[in-house]
Amino acid sequence: MSGHSTYQPQSGFMKWMERRLPIGGLVHSSFVAYPTPRNLNYWWTFGGILSFMLGVQIITGVVLAMHYTPHADLAFKSVETIMRDVNYGWLLRYLHATGASMFFIAVYIHIFRGMYYGSYKEPREVLWILGVIIYLLMMATGFLGYTLPWGQMSFWGATVITNFFSAFPGIGEPLVTWLWGGYGVGSPTLNRFFSLHYLLPFVIAGVVILHVWALHVAGQNNPTGIDPKSDKDTVPFTPYATVKDGFMIVCFCILFAWFAFYLPNYLGHADNYVPANPAVTPAHIVPEWYYLPFYAILRAIPNKLLGVLALFGSIGILAFLPWLDTSKVKSARYRPLYRQFFWLFFAVCIGLGWLGAKPAEGIYVVLARILTVYYFAHFIIILPLLGIFEKTKPLPNSISESVLGSKA
Amino acid sequence: MTTVSSAEHTRRDFLYIATGAIGAVGAAAVVVPLIAQMNPDASTIAAGAPIEVDLAPVAEGQIIKVFWRSKPIFISHRSKKEIEAAQKVDLGSLPDPQPDSARVKPGHDQWLVVVGICTHLGCIPLAHQGQYEGWFCPCHGSVYDTSGRIRQGPAPANLPLPPYAFVSDTKIRIG
């Protein structure tokens with residue numbers, strides 16, 4: 001925010017470099033001298049965790065691609081070869097597979113933190129929308145990657161998801177044939193999915209750079225939701241935020257390692273260790289856990305096209321959140337009603353996730369319909385009205401006052 | 001005084017517009033192969049040539065599954081009871097109304113040939129299951145009757161009919 005005026009290159013080389021490509025000044029102003037609010041809590045460390053996880057996924061993914069064969073007859077076997085024959089292949093694959101789940105755990109915490117503290121509000125709308133785009137790209141990448149082992153869930157997951165596009169009247173059938181490169185999901189589909197699965201993480205990395213750029217222009221939000229007013233309200237990024245982020249990355253790695261070493265298949269499906277068979281659909285098709293709430297929304301609606309539109313709409317509506325929430329106060333700390341609705345919304349999302357894993361019959365369908373209606377009502381009825389009717393608590397005068405009390 | 005010339009169309013304006021137009025056509029032309037390469041290639045289309053199926057070994061009440069264009073095709077040798085059940089349905093009660101006679105070839109009432117892909121999201125329905133003794137899709141619970149018509153569940157349409165013809169009384173050509 002304060003520019004890179006404080007950076008003084010020390011070595012002769014960096015002085016030489018700074019006049020030609022001021023990358024040292026950029027790093028210094030973004031990750032060293034950058035002022036961060038002094039009251040950031042641990043929920044603010046998930047951006048760093050997510051950057052770390054993107055790095056983990058790219059590195060493990062690039063090396064897995066050295067041993068993987070994107071062909072319908074060979075893909076399943078090549079994954080088994082990775083597991084049994086490739087040196088440390090089991091470790092790299094389990095890190096990559098559980099890493100995807102860890103990535104989504106972190107992104108969901110990151111998104112709910114943004115919702116709780118109103119981080120999407122003026123002047124951070126573009127920052128938020130870039131985040132929604134990253135999330136969409138993550139979902140696409142995760143889906144494409146899950147197809148690659150070419151087990152039963154891979155094949156039928158790919159079939160169900162690509163068939164979403166057949167719901168569009170007129171263009172549906174040719175569109176799906178074009179996506180498949182054949183008359184059904186097959187080798188051409190697998191090959192292009194592999195190509196795109198390799199591409200998208202780098203697109204994500206590009207949008208992450210825009211996301212961080214927008215963050216550093218608008219400045220970080222903080223638990224009070226009010227902007228820093230003086231130097232007393234901020235501390236430099238290094239060492240304060242770097243050490244805090246680093247500590248949390250280490251803690252997160254403990255969870256990550258626990259899954260990778262002790263529960264590597266807990267979040268997957270046993271059916272995916274059966275080779276893909278186009279003639280038999282598994283009895284119970286379920287997507288990966290991180291898609292379950294959206295899967296529940298899809299199945300809650302008895303019309304195919306409307307179900308697909310509701311599924312896309314439930315993610316797309318996030319992009320409009322900065323304008324749907326009409327309250328001037330950002331943080332839920334000072335919004336007693338919003339705080340309750342936030343936790344209710346959180347519970348609804350968990351509930352939809354639980355329903356997404358259940359068979360689509362009887363009471364589960366009824367519950368999924370109720371929760372789907374509530375999911376959308378939260379955005380298009382509750383949030384706009386809360387901003388008008390809610391009586392918010394008084395905001396502190398500054399961040400330092402909220403931390404130190406009025407003696408500050 | 002100085003702005004007068006900019007209001008007139010000059011040869012230079014024409015060159016700018018013509019250059020831009022050619023550039024746009026060129027860019028559009030480049031997109032064509034990039035999009036078209038994703039459609040089924042020549043070998044995939046060739047592999048989708050018509051197939052002949054001998055019906056003689058299919059017993060009454062049996063449903064067989066053959067593959068054509070990577071789609072499973074269900075061939076059902078329907079019993080008298082199944083044909084009657086399919087014919088006497090009140091068309092008004094169907095989500096996708098179609099008489100049974102429009103779903104089989106004339107004079108071959110006992111043979112129902114349908115594409116075995118649920119019209120909801122592409123799963124393969126299980127034969128001889130569900131309330132109407134036709135097919136039941138395990139993915140999202142769509143129920144089809146003995147004519148392959150959707151009766152219950154989220155699927156929007158009946159199981160589609162592949163293009164096929166009877167070559168003889170016991171042989172069909174699909175495609």
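The values are calculated or read from the model by the stated rules, or taken from the named source; none is laboratory data. Worth saying up front: this structure is predicted, and the values here are computed from it rather than measured. All Cβ positions, glycine included, derive from the backbone under ideal geometry; neighbour counts span all protein chains shown.
The lone criterion from (1) more than 14 Å from chain B (Cβ to nearest Cβ); (2) in a helix (DSSP H, G or I); (3) among the small types (Gly, Ala, Ser); (4) surrounded by 15 or more Cβ atoms within 10 Å (Cβ to Cβ) left unmet by A:Gly307 is number (1). The strands (runs of 3 or more DSSP E) located wholly in the stretch B:69-155 that include 1 or more residues which are surrounded by 23 or more Cβ atoms within 10 Å (Cβ to Cβ) and within 14 Å of another protein chain (Cβ to nearest Cβ) occupy B:71-77, B:150-152. In the stretch B:82-94, the residues that are farther than 17 Å from B:Gly61 by Cβ and small (Gly, Ala, Ser) form Cβ pairs under 9 Å with partners that are crowded, with 18+ Cβ neighbours inside 10 Å and modelled with pLDDT of 90 or more, at six or more places apart or across chains, as follows: B:Ser93/B:Arg151. Scan the stretch A:158-192 residue by residue and report those that are under 24 Å from A:Leu309 (Cβ atoms) and aromatic (Phe, Trp, Tyr). If the condition is that a residue be under 24 Å from A:Leu309 (Cβ atoms) and aromatic (Phe, Trp, Tyr), then A:Phe164, A:Phe165, A:Phe168, A:Trp178, A:Trp180 are the ones that fit. Quick one: would you say A:Trp150 is crowded, with 17+ Cβ neighbours inside 10 Å, of a type in the set (A, V, I, L, M, F, W, C), farther than 21 Å from A:Tyr108 by Cβ and touching a residue at least 60 places away in the same chain (Cβ under 8 Å)? Criteria met by A:Trp150. Counting only residues that are among the hydrophobic types (A, V, I, L, M, F, W, C) and modelled with pLDDT under 90, the stretch A:1-25 holds 1 of them.
The residues in the stretch A:62-104 that are among the β-branched types (Val, Ile, Thr), touching a residue at least 24 places away in the same chain (Cβ under 8 Å) and surrounded by 20 or more Cβ atoms within 10 Å (Cβ to Cβ) can be counted, and the count is 2. When every residue of the stretch B:32-50 is checked against the conditions, at least one turns out to be in contact (Cβ under 8 Å) with a residue 40 or more places away in the chain and of a type outside the set (A, V, I, L, M). Scanning the stretch B:1-34 for residues being surrounded by 10 or more Cβ atoms within 10 Å (Cβ to Cβ), among the β-branched types (Val, Ile, Thr) and at pLDDT below 95 gives a total of 1. Just one of (1) touching a strand residue (DSSP E or B) at 6+ places or on another chain (Cβ under 7 Å); (2) assigned to a helix (DSSP H, G or I) fails for A:Gln220. It is (2). If the condition is being over 25 Å from the mean Cα position of the chain (by Cα) and either more than 10 Å from chain B (Cβ to nearest Cβ) or of a type in the set (Ser, Thr, Tyr) (or both), then the stretch A:294-304 contributes no residue at all. Restricting the search to helices (runs of 4 or more DSSP H) fully inside the stretch A:2-119 and requiring at least 3 residues that are among the charged types (D, E, K, R) and closer than 23 Å to A:Pro223 by Cα gives an empty result. Picking from residues in the stretch A:351-368 that are without any contact (Cβ under 8 Å) to a residue 24 or more places away in the chain and assigned to a helix (DSSP H, G or I), the one that is farthest from the other protein chains (Cβ to nearest Cβ) is A:Gly351.
The residues of the stretch A:144-159 that are within 14 Å of chain B (Cβ to nearest Cβ) and hydrophobic (A, V, I, L, M, F, W, C), listed by number, are A:Met153, A:Phe155, A:Trp156, A:Ala158.
Candidates A:Ile129, A:Ile161: the one that is of a type in the set (Val, Ile, Thr) and modelled with pLDDT of 95 or more is A:Ile129.
Quickly run through the stretch A:226-252 and pick out the residues that are more than 30 Å from A:Met102 (Cα to Cα) and assigned to a helix (DSSP H, G or I). Those that are more than 30 Å from A:Met102 (Cα to Cα) and assigned to a helix (DSSP H, G or I): A:Asp231, A:Lys232, A:Asp233. Return a yes/no flag: does the stretch A:274-293 have any residue that is more than 23 Å from the chain's Cα centre (by Cα), away from every other protein chain (no Cβ under 14 Å) and at negative phi. Among the residues of the stretch A:274-293, at least one is more than 23 Å from the chain's Cα centre (by Cα), away from every other protein chain (no Cβ under 14 Å) and at negative phi, which makes the answer yes.
Identify all residues within the stretch B:127-154 that are hydroxyl-bearing (Ser, Thr, Tyr) and within 20 Å of A:Ala360 (Cα to Cα); write none if there are none. B:Tyr132, B:Ser142, B:Tyr144 - these are the residues of the stretch B:127-154 that are hydroxyl-bearing (Ser, Thr, Tyr) and within 20 Å of A:Ala360 (Cα to Cα). Evaluated against (1) under 30 Å from A:Leu337 (Cβ atoms); (2) within 14 Å of chain B (Cβ to nearest Cβ), A:Thr162 falls short on exactly one condition, (1).
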